[in-house]
Structures are given as structure tokens and as C-alpha cells.
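**Q** After the C-alpha cells below, expect a handful of questions from me.
Just so it is clear, none of the values below were taken in a lab; they were calculated from the coordinates. Since we're looking at a predicted model, the values are computed, not measured. Glycine also receives a Cβ, built like all others from the backbone with ideal geometry; neighbour counts cover every protein chain displayed.
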Amino acid sequence: MTRSTPRPSSVNRRQVVGGVAALGVGAPLLAACGSDSAGGGESADTPSGGSADSGGGASTSGSGGELATADVPEGGGVILEDSETVVTQPSAGEFKAFSSICTHQGCAVTKVATTIDCPCHGSKFSISDGSVVAGPASKPLPEKSVTVDGDTLTVG
């Protein structure tokens, strides 16, 4: 007597590709909308790197704690992904550095123009002092030290 083994339900290629694509897009979005369980009512979600919009003086760099002063546009800034830092130049020769992690739910900011912008929920921060310009974030970006030595900036 032979037993027939039930055939697994077949899945077509379109369903597999669609599922993989949904997972690739959905997982980062779910991570960005984490819970508010970390200290201070803010989440300590692991940020995902993003690309910066190069319009309006924004750029993203993989470099760590040093860059040329010429790399930071006046009235804008750059994002240093490796050190989770935003370096800005609010006015000529004035350089500021802040954490690039949004204080709302831990997403990485991805754009610097006239403000430092978080793509997850729309928070915007001042390039001058890291203060909240538009919520939902309620806390400013933490400031970091930045020193200028000639044409080189070092972020600590």
C-alpha cells in the first residue's frame, strides 16, 4: 500500500518576489516606528542609514570624525553616518555638531538644508542649536564638540 504525500501548496515566482520586496521595505519602516519604551519616553531604536537629499546643501558622508571646512555648506550641513553626527555651518565660519539620531524615535536624520530633517515622522531641528523646529520630537538633538584647525574640522 502506498501513501500519497500531500503536495505543498505551490507559490508562484511573482508571490515570492513580492513577499521579498515587501519584507525589504516593510522591516525598516516597522523598525522606524518602534515603541516608546526607552528612557525619557523616547525609543532607542537602531537607526537605519539613509541617503541625503543633495538639494539645499545637504550631503551624507561615510567619513568619521574629520572633514574639511569646505565640505560643510554655509547655511546647511553634512551628515557623517559612521559617527552618527551632523555638522552644520549656520553662518560663515561658525561650525556646530549634533547627534544625527532623532530624539523622537531614534531614526537617523537624512537631510540637512535650512533645517536638519528626520524622514520617519517629519521632525525638523535647527542647524544653529539643534532645537526642535517642528515635531513630533520634543527634545533637541544633543550637541557634540567640533574643533576647527585651519581647514579641518574634528568632531569629538
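**Q** How do 116-128, 97-109 rank on mean C-beta neighbours within 10 Å, highest first? Working shown, then result.
**A** On the way: 116-128: 20.8, 97-109: 24.5.
In decreasing order of mean packing, 116-128, 97-109 become 97-109, 116-128.
**Q** Sticking with this structure for a sec: Express in % the proportion of alpha carbon pairs of segment 57-156 at distances exceeding 25 Å.
**A** On the way: 447 of 4950 pairs.
In whole percent, the long-distance tail amounts to 9.
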